[in-house]
Structure formats: C-alpha cells, structure tokens
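Shown next, in structure tokens, is the structure this report addresses.
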Amino acid sequence: MASSSSHNYQTSSSIEKPGFTEVTATSREPSEIGHIYKAKNRFGFSWAVDQEPSSFAATPNASNADFDPVPPSKRTWTWMAFVAYWMADAWAVSNWEVASSMIAVGLSWKMAIGACVMGNTLMGLVITINGKIGATLHTPFPVLARLPFGYYFSYFVVLSRCVLATVWLGVQTTTGGQCMVVLFTAISPKYKTIPDRIGEISQGISTGGMIGFVVYFLLQLPFLMIPYHKIQYFFGFKAIIAPVIFLAVFGSTLHKAGGSIGNSDIISQGTTAHGSVLAWAFFGNLNGVLGNYATLGLNIADFARYSKTPNSQLIQAFIIPVVFTVVGLLGIFTAAASQNAYGHTIWNPIEIVGHWADSGSSAGRAASAFGAIGLIIVTLGINISANSISAANDLVSFCPKYINIRRGQILAAVIGSWAFVPWKILASASGFLSFLGGYTIFLGPMTSILITDYYIVRRGKVSVPDLYNFHGIYRYSPKFATNWRAVVALIIGFAPPLAGFINNINADIQITQGAKNIFAIGYIYSFFAAGVFYYGFMRFFPHQESMLDYAVTGEDIIVEADQKRRLAKAYE
C-alpha cells in the first residue's frame with residue numbers, strides 16, 4: 001500500500017478504473033497554480049469570488065477560495081482553539097434550559113443530569129470521529145458529503161443541514177433581540193411603555209421587541225465579517241465572558257433565595273414517572289440531548305478542517321461532555337433557587353437578568369445592562385459557531401462562483417432572520433420547533449454513512465482532487481451522479497422512526513406505542529441501522545471504480561500554491 005500525502009494530483013489522474021469511462025481526474029485539467037478567476041465590472045466590484053490558486057476544480061463554478069482544501073497557512077486551530085470553540089458553544093441559553101423538559105416529563109434532576117452526561121459523551125465521540133476526517137483532508141462538509149452520497153445527492157444532504165442552520169440562526173437572532181430589549185429597558189425603564197403598533201398577540205413580537213431584534217440583527221453583521229480562520233479569537237473572548245455572566249446569574253439567584261435550594265420542588269420531588277414510562281422518557285430525553293448537536297455532529301468538518309494537525313481536535317471528546325454537563329447542572333440549580341427568589345421557577349436566564357433592574361436602583365439597572373451585554377455576546381458566539389458558518393459553507397456549495405463564506409453568512413442571516421419570521425416560530429409554532437428537534441432521524445444516518453464510508457469502507461483511502469471533479473470517481477452513476485447504496489441505507493435509517501416524527505409534530509395523528517418508542521431512540525437507531533446497512537451494501541455490491549489502494553490528498557499542490565500566494569502578497 002502506498003502512503004497518503006506523498007501522492008500528488010497527477011497520481012490520481014493516472015488511476016485507471018475499468019468499465020467506467022468518465023470517472024477519473026483525466027476528464028479535466030486542474031486550475032493553473034497562481035491563477036485566480038475574477039470578473040469585475042466597470043466599478044471595480046467583482047460579483048464572482050476569488051478561486052484559490054491550489055483549487056482542483058476546473059472552473060470557478062465548482063469551487064472558490066473558501067471551498068477549497070484549507071492551505072497550511074490557514075490551519076491555525078490548535079487544541080486550545082477547539083476548547084474555546086466549545087466553551088463558546090456550550091454556554092448558551094438553550095443548553096442552560098436543557099433539563100427543563102426532562103423534569104417536566106417526570107425525570108428527577110439527577111436522571112436529567114445522567115441523560116446530559118450520557119448524551120453529550122456519545123455526541124462528543126461522534127463529533128471527534130467525524131472531525132478527524134475534516135482535520136485530515138481539510139475540506140468542508142459539503143465536499144465530504146460527495147464521498148458516500150455522490151455529487152448530485154450530496155446536495156440534498158447539504159440542503160437538509162443548511163435549512164436547519166438557517167432557521168436556528170434566525171431563532172438565535174430572536175433570542176439576541178430579547179437580550180437587547182433587556183438592555184434598553186435597563187438603560188431606560190420607559191422603554192417598556194413603547195406603544196405596541198405591531199400586535200404581539202397576533203404577530204408574536206411587539207414594537208419594542210422588533211426594535212431590539214433589528215438592532216441585534218445589525219449588530220451581528222460586522223461579526224460575520226471576521227475571517228473564518230481567525231474567528232477562534234472571538235470564541236476565546238466569549239469563552240471568558242460567557243461563564244462569568246452565567247455564574248453571575250446563578251450566584252445572584254442563589255443569594256436572593258437565601259443560599260439554599262434544598263426545599264425546591266426541582267430538587268426534592270424525585271421522579272414522577274415510573275416503570276416503562278420512566279424508561280422511555282429517559283431514552284426520549286437522551287435522544288433529545290443527542291439531537292441538540294446532531295447538526296454539528298454531521299458538519300463538524302466545516303471547523304475541524306482548520307485544525308493545525310489531525311490530532312488537534314481530539315480534545316473535543318473530553319471538553320464536550322464536561323462543559324455541557326456543567327452548564328446543564330448550573331441551569332437546574334438556578335431554576336431551583338428561582339422558586340424561592342422570585343416565587344416561581346424561571347429557566348430562562350434572560351428573564352432573571354431582566355429582574356435585576358426591578359428595584360429601579362442605579363446599581364440594579366447597571367447590573368441588568370451589563371448582564372444583557374454579556375448575554376448578547378453569548379448569542380453572537382452561538383450564532384456564529386453553530387449556525388452562521390455552517391449555513392454559509394452549505395450555501396457556498398450551491399453557487400461557489402458567486403458565494404464565499406462571508407457572503408454566505410450575510411445571506412443566511414437575512415434569510416434566517418427575515419424570510420423564516422423566527423419570532424413567530426418561537427411564539428406560536430410549537431409544531432415547527434418539534435420538527436426541528438425531530439429532524440435528527442435524518443441527520444443521524446447521514447453522519448453514520450459518512451463515518452462508515454471513510455473509516456470502514458475506504459479506510460481513509462480517498463482522492464481529494466476527485467471530490468472537486470463532477471466527472472470523477474465519486475460520480476457513481478454517469479446519469480444520476482448518486483450512490484444508490486447510501487440512499488437506500490439512509491431510507492432504512494429514517495423510515496422506522498418516521499411515524500413517531502410525524503406524531504411529534506402533530507399529536508392528533510395516532511400511532512402505536514411501539515412507533516413512539518422507536519422515535520424515542522431515533523438518533524441512536526437511525527445512526528447504527530444506516531451505518532450497518534451501508535457497509536453491507538458496499539461490501540456485497542461494491543463500487544470498484546472509487547476504491548483506491550492509497551489516499552490522494554493533493555497536499556503537494558496545496559502547499560506549493562500556498563507558498564506562491566503568500567509570496568505574491570509579500571510583494572503587493
């Protein structure tokens with residue numbers, strides 16, 4: 001067997017595959033090193049984006065600088081960057097409130113924490129294993145999706161991820177707008193008296209809320225301009241700010257409650273469900289924890305590809321379960337303390353920060369203002385780390401000639417914040433939120449098929465140049481450019497939990513208890529079922545044209561082009 005990185009792009013071109021005429025890199029020539037496609041108008045503005053000199057794509061319609069394999073000069077993420085990334089991602093309002101639904105269905109707070117630990121540990125392993133692919137090949141998720149699914153069907157996989165990321169971007173923007181309202185109210189209590197010209201009851205947002213939403217939307221746009229390989233520094237900043245503000249929320253609530261949470265119903269009541277009902281409630285909430293970050297479990301390569309070494313991202317397997325469990329635990333204890341502090345249970349930290357200004361004193365209003373600023377930074381970080389960059393990478397894959405990551409982030413922000421009317425989603429569309437949560441039955445098998453293909457079927461022997469060649473070895477079918485094995489395995493993965501998914505959206509649709517139980521373990525079932533069947537299909541119905549004896553990374557071309565690009569910039 002040959003080694004991986006020592007083989008260049010020409011080596012891939014020379015591989016002959018019998019019985020399939022248009023599958024190798026010989027069907028087109030790579031872009032000339034040092035050449036950049038530009039199409040400027042008379043005002044000097046270029047609608048088309050730059051194509052990286054090291055690109056393996058034949059035309060700018062196939063790739064650009066952001067979509068190409070990350071060159072060595074931009075592989076800047078060390079293990080500390082991944083720690084900062086997950087610290088920024090974990091300290092979020094949604095993770096703080098994660099146990100609220102678990103306790104509501106009958107779990108004790110200890111069982112809720114157990115579900116968090118188990119779910120985050122499993123998802124940490126999935127993210128780390130999948131992340132190793134991106135950290136090795138340095139390509140984004142939409143490109144890696146072509147490996148098992150084929151060029152055309154990969155667009156469906158990418159679109160599935162893109163829609164979720166874009167919707168959640170809008171939902172998080174709404175949350176940021178709520179934080180902005182708290183800030184404005186702390187600065188001027190009269191803000192609460194702004195007449196509601198929109199109609200909060202019918203539209204899901206008041207005039208004051210819309211002002212906060214618009215201001216937050218405009219505020220986040222400059223942060224979307226931060227170069228993607230340097231965004232780690234903002235994550236590092238948020239990793240400091242976020243724990244401070246959430247610990248302040250916990251500390252202030254505990255102090256106001258007299259320093260005790262033992263008499264809270266959340267702590268004292270124990271489990272309210274029993275037997276099989278309790279067991280399936282536990283598994284259902286475990287599935288919810290897994291689904292919370294199933295999206296990043298699928299597309300973690302969008303970030304891991306900036307890893308300085310393939311092993312830099314391995315820290316994720318440890319940091320994810322630790323920090324997410326700590327955040328969930330503090331959320332439980334704060335909600336328990338809020339019963340004595342405010343007379344009722346409060347899970348939302350934004351509401352608690354708003355209460356800091358209730359006294360009307362300057363100190364209380366200042367604390368509320370600074371707390372709101374901290375939460376604004378928190379939502380900015382979560383929107384960039386979990387939603388914006390992911391959606392942008394997906395959008396780039398659809399039109400790389402005109403969309404790069406920066407443009408994709410702006411486009412995703414506009415679509416998510418305005419086209420999907422996220423304030424209505426939060427206010428009234430509980431079925432739509434159930435749809436977003438249950439969509440993990442599709443993400444699980446997609447992730448499993450990708451991992452199974454790279455590690456088990458191919459054992460890492462892939463051709464990066466052919467991932468950028470639509471007539472390359474991963475076309476599978478000359479006509480449909482789709483790997484039927486992956487499609488069938490995907491269907492086998494999501495079909496059994498599908499009835500439960502539909503019932504989760506609309507409870508009026510009656511299904512059997514067995515169907516509900518399968519949905520309760522939807523992610524776990526779909527993940528393993530799809531992976532097993534995909535391996536079986538590739539084992540007994542192999543696609544010989546795409547099976548290589550060694551990996552072809554094109555690293556030498558990427559390094560050479562990176563050096564030329566840096567040298568050219570030095571002389572500018």
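The values are calculated or read from the model by the stated rules, or taken from the named source; none is laboratory data. Just so you know, these numbers come straight off a predicted model, no measurement behind them. Using ideal geometry, Cβ is built from the backbone for each residue, glycine included, and neighbour counts are taken over all protein chains shown. What goes into the accessible areas is simple: the full protein's heavy atoms, side chains included, and nothing from ligands, DNA or RNA. Shrake-Rupley method; radii C 1.70, N 1.55, O 1.52, S 1.80 Å.
From the list 365, 407, pick out the single residue that is modelled with pLDDT of 95 or more and of a type in the set (Lys, Arg). Don't jump to the end; show me each part of the working.
On the way: 407 fails: modelled with pLDDT of 95 or more.
Step by step, each of 365, 407 is checked, and only 365 is modelled with pLDDT of 95 or more and of a type in the set (Lys, Arg).
Could you please find all residues in the stretch 122-173 being over 23 Å from residue 538 (Cα atoms) and basic (Lys, Arg)?
If the condition is that a residue be over 23 Å from residue 538 (Cα atoms) and basic (Lys, Arg), then 161 is the only one that fits.
Which ranges mark the helices (runs of 4 or more DSSP H) fully within the stretch 160-265 that have 2 or more residues being open to solvent by 20 Å² or more (accessible area, probe 1.4 Å), within 18 Å of residue 96 (Cα to Cα) and at pLDDT 95 or above?
Working: elements: 200-203, 207-223, 232-256.
Hits in the stretch 160-265: 232-256.
Scan the stretch 80-107 residue by residue and report those that are open to solvent by less than 30 Å² (accessible area, probe 1.4 Å), in a loop (DSSP other than H, G, I, E, B) and aliphatic (A, V, I, L, M). Lay out the reasoning, then the answer.
In the first step, residues of the stretch 80-107 are kept if they are open to solvent by less than 30 Å² (accessible area, probe 1.4 Å); the result is 81-82, 84-86, 88-93, 95-96, 99, 102-103, 106-107.
Narrowing further to those that are in a loop (DSSP other than H, G, I, E, B): 91-92, 99, 106-107.
Within the stretch 80-107, 92, 99, 107 qualify.
Do the conditions hold for residue 282, that is, is it aromatic (Phe, Trp, Tyr), surrounded by 20 or more Cβ atoms within 10 Å (Cβ to Cβ) and either at pLDDT 90 or above or within 18 Å of residue 88 (Cα to Cα) (or both)? Spell out how you get there, then give the answer.
Details: aromatic (Phe, Trp, Tyr): yes; surrounded by 20 or more Cβ atoms within 10 Å (Cβ to Cβ): yes; either at pLDDT 90 or above or within 18 Å of residue 88 (Cα to Cα) (or both): yes.
Considered against the rule, which asks whether it is aromatic (Phe, Trp, Tyr), surrounded by 20 or more Cβ atoms within 10 Å (Cβ to Cβ) and either at pLDDT 90 or above or within 18 Å of residue 88 (Cα to Cα) (or both), residue 282 comes out as yes.
So that you can scan it fast, the table gives a plain yes or no per residue for (1) of a type in the set (S, T, N, Q); (2) under 24 Å from residue 467 (Cα atoms); (3) not in a helix (DSSP H, G or I):
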position: 519; (1), (2), (3): no, no, no
position: 524; (1), (2), (3): no, no, no
position: 529; (1), (2), (3): no, no, no
position: 533; (1), (2), (3): no, yes, no
position: 537; (1), (2), (3): no, yes, no
position: 542; (1), (2), (3): no, yes, yes
position: 549; (1), (2), (3): no, yes, yes
position: 558; (1), (2), (3): no, yes, no
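Rundown of residues vs (1) at positive phi; (2) open to solvent by less than 20 Å² (accessible area, probe 1.4 Å); (3) under 23 Å from the mean Cα position of the chain (by Cα), yes/no style:
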position: 425; (1), (2), (3): no, yes, yes
position: 437; (1), (2), (3): no, no, yes
position: 446; (1), (2), (3): no, yes, yes
position: 449; (1), (2), (3): no, yes, yes
position: 460; (1), (2), (3): yes, yes, no
position: 467; (1), (2), (3): no, yes, yes
position: 471; (1), (2), (3): no, no, no
position: 482; (1), (2), (3): no, no, no
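Regarding the stretch 322-340, can at least one residue be identified that is open to solvent by 10 Å² or more (accessible area, probe 1.4 Å), closer than 30 Å to residue 190 by Cα and in a helix (DSSP H, G or I)?
yes
What are the pairs, 6+ residues apart or on separate chains, where a residue within the stretch 133-145 that is farther than 17 Å from residue 163 by Cα has its Cβ under 6 Å from a residue that is open to solvent by 10 Å² or more (accessible area, probe 1.4 Å) and part of a helix (DSSP H, G or I)?
Listed by first residue and then by second, the contacts come to 133/454.
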